[in-house]
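FYI, it's all coordinate maths here, none of it is from the lab. Keep in mind that what you see is a predicted model, and the values were worked out from it rather than measured. Ideal geometry is used to build each Cβ from the backbone, glycine not excepted, and the neighbour counts take in all protein chains shown.
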Amino acid sequence: MFRTLSRPDILVTTLAAAGILMVTMGARQSLGLFVSPLNTHTGLGITTISLALAVGQFTWGAIQPVAGAVADRYGSRAVLIGGLLVLAFGSAITPFMGSGFGLIVSLGLLSAMGAGAGSFSVLIGAAAQRLPVEARGAASGVINAGGSFGQFIFAPILQRLIQSVGWMGALWAMAIATLAALPLVGKLAGGPPPHAATTGNEGGLGQAIARAMRDPSYLLLHAGFFTCGFHIAFLVTHLPGEVDLCGLPPSVASWSLAIIGLANIFGSLYAGSCVARYRSKHILAAMYASRAVLIIAYLMMPRTEWSYYLFAAGLGFTWLATVPPTAAIVGKLFGVRYLATLFGLTLLSHQIGGFLGAYLGGLTLVSFGDYNWMWYADIALAAAAALVNLPIREQPVVRQLAPA
């Protein structure tokens, strides 16, 4: 893999994108650690806080195609700078929000919009336009691993900050860390993209979206990615609550999230290398099926500290490793000219699932006192996602070319 990325310019582009994603995903994927202290301090209730985070899940996905379209049209530099600034601002003002509406504004809208503008669709799209074809699969794995490394770094550090300086100080520290990523934007988005040449038959952005939405393989990809979002958002938001129900200390939740991030570093790198060797739809089907098996095993295990760590390691290997093969299928079908927009639309489907995973998790806890029904839904959806990926057609869409 790294032999493919050996040229200095390719390596700098890839690592800059990975560094930005490390910050935006690290901040976003650690918000579940703030649910309990927010509830204790504000008294708003788990359902209200879950709703704010669920809105954030949807907003993070909804902004992706918009940010991708702006980046495809005007360049990614301004989009990434704006995203980092908005993410930092949303984190910084959250401690001053004492109502459910305020949390929806700060965490559900501002932080989520900022993190989404500096996330997969824009970063992978910007990198793909600057990288040769043979380096894109490996680069997407490294970029994705950057997001996982952010979760591995941010979760235990933020948990320690919550315990030492309080949840408000932890959020302000997160805002400062976000601003520290601004210099990386110039390394990724400086100068015109050298590999963004297009063929004359691609048409405009509207035609590209219309063509994609008529393609059955693209729609099946959306259906599978919906399940991925449901699964990830539920766990990120409610794993600390699940740990608390078992009478284990909060550190078990933070270390479980960190282990998920660490395991996904290896999973993302492996997925990136597999994209060049295997059909991406088979990679995705295997990942989703493995999640169903792991959740069944988790429900059968005793709830101990080490059972959570083992569960986290198993899930972490496929956590966000679905991104490289999903982006690869979109690229195979439609090329890279509008990859940021079209992959952003798949991420919107991902986050519609994320909204339901985060919000229904809170409702389930309030209604039944535990998360069992969410785990059952997770198993069913993961199995369904494995099946819907199999009919996907990976070869490029046949376009009508004018005679030479």
Among R136, R160, which comes first, second and so on when ranked by fewest other beta-carbon atoms within 10 Å? R160, R136
Per the Cα gyration tensor, the range 202-241 corresponds to an equivalent ellipsoid with semi-axes, largest first in Å, of 32, 11, 5
Computed FRET value (nearest 0.05) for R160 with I296, which takes r as the C-beta separation and R₀ as 25 Å: 0.15
Above 24 Å lies some portion of the pair distances; for the range 148-289, what is it as a whole percent of all C-alpha pairs? 57 percent
Which helices of the chain meet both criteria: a Cα extent of 24 Å or more along the helical axis and a mean Kyte-Doolittle score no lower than 1.6, with helices taken as whole DSSP H segments? 77-93
Could you tell me the extents of the range 18-64's C-alpha atoms along the three principal axes, largest first, rounded to whole Å? 37, 21, 10
Neighbour-count ranking for C246, C228, C274 (other C-beta within 10 angstrom, fewest to most) reads C246, C274, C228
Where Lys and Arg each count +1 and Asp and Glu each count -1, what net charge lies around L235 among other residues with Cβ under 13 Å from its Cβ? -1
Would you compute, for the Cα atoms of the range 1-160, the largest minus smallest coordinate along each principal axis and list the three values in descending order, in whole Å? 53, 35, 20
Please give the calculated 222 nm ellipticity per residue for the chain, where each DSSP H segment of at least 4 residues contributes -39500 (n - 2.57) and the sum is spread over every residue; nearest 500 deg cm²/dmol? -25000 deg cm²/dmol
Candidates Y338, Y298, Y270; GNM for the chain (alpha-carbon contacts under 10 Å) flags as most fluctuating Y298
For a quick check: sort S280, S140 by the number of other beta carbons within 10 angstrom, fewest at the front. S280, S140
Express in whole angstrom the spacing between the alpha-carbon centres of the range 93-109 and the range 237-306. 29 Å
Give me the three principal axis extents of the range 246-299 from the C-alpha atoms, as integers in angstrom, largest value leading. 44, 23, 10
For the range 258-404, count all C-alpha to C-alpha pairs, find those more than 23 Å apart, and express that count as a whole percent of the total. 44 percent
